[in-house]
Amino acid sequence: MIKGILMDFNGIIINDEPLHMRAYQEILSGEGISLSETDYYSCLGMDDKSFINAQYKRAEKDLTAEKVQELMKVKTRQWREIVDAEEIPLFGGVENFVRKMEKDFALGIVSMAVREEIEFVLDKLELRDCFSIFVSAEDVSSHKPNPECYYKGFNLLDAARTKRGRNPMSHRECLVIEDSPQGITAGKSAGLRTLGITNTVDAANLRAAGADSVSKSLNDWMPDSIRRVFV
């Protein structure tokens, strides 16, 4: 029976992949690097550092560690300005889903976004207290599909539960919710159950990555349906 849920952030809670792409297109254009939709979406699951390095490598341009840090800061600033200027683009029903689930399960965020971006959005939505733990890009050395982030997320969430007097949970009692094949692969490789949501890619790609179940929307799920499907 599921006892804990680890959720991705971009593509699951906030529909901001197009915003990240727009910010990167503007930044990289100034560096003489074009970025198509295909270029961007082929790199789902990467953190900002890995993404920037991948684009410079694709363009066969040299890049220093100092330049990477500079571009990361510029990108976060531009992303925040876009989100501040527009209504936060949440996926339908996600707030309701989080508030329903946190009553029955321990919740955590496992994302390759920087913590500043995650906390900024969750604070604005007053959802931060619904989550027991956070794993962000700063907390791991390898991005998805490497399972490091989900190994760490599981251990932190299990520790948070046992600190409240709950029994330890097994890996099969922890559910990962992801929108990308890379994220599904990371969760499966960590020995966790996986639910793919077709916010970013189609069901076939999520199933091919190993998703235990695939759904169009989180709004379709209740705590009891999570327990019935992921036994």
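Tabulated results
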item: Residues of segment 86-99 classified as crowded, with 18+ Cβ neighbours inside 10 Å and out of contact with any helix residue (DSSP H, G or I) (no Cβ under 6 Å at 6 or more places or on another chain), total; result: 1
item: Search result, residues across segment 82-96 that are of a type outside the set (Asp, Glu), farther than 16 Å from Asn10 by Cβ and in a helix (DSSP H, G or I); result: Ala85, Asn96
item: Residue in segment 75-88 that is under 22 Å from Asp139 (Cβ atoms), touching a residue at least 24 places away in the same chain (Cβ under 8 Å), among the charged types (D, E, K, R) and not assigned by TED's automatic domain parsing to the domain that holds Lys152 present; result: yes
item: Evaluation of Ala159 against (1) among the aliphatic types (A, V, I, L, M); (2) farther than 21 Å from Trp221 by Cβ; (3) under 13 Å from the mean Cα position of the chain (by Cα) (one fails), failing number; result: (3)
item: Wholly enclosed helices (runs of 4 or more DSSP H) of segment 141-223 bearing at least 2 residues closer than 21 Å to Met1 by Cβ; result: 148-163, 181-189
item: Tally, over segment 3-52, of residues that are among the β-branched types (Val, Ile, Thr), farther than 21 Å from Glu178 by Cβ and assigned to a helix (DSSP H, G or I); result: 2
item: Inter-residue pairs, beta-carbon under 7 Å, first outside the structural domain of Ser213 (by TED's automatic domain parsing) and free of Cβ contacts under 8 Å to residues at least 60 places away in the same chain and in segment 172-196, second in a strand (DSSP E or B) and among the hydrophobic types (A, V, I, L, M, F, W, C), 6+ apart; result: none
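The values are calculated or read from the model by the stated rules, or taken from the named source; none is laboratory data. Computed from a predicted model, the values in this text were never measured in an experiment. Neighbour counts are summed over all protein chains in view; Cβ atoms, including those assigned to glycine, are modelled from backbone coordinates with ideal geometry.
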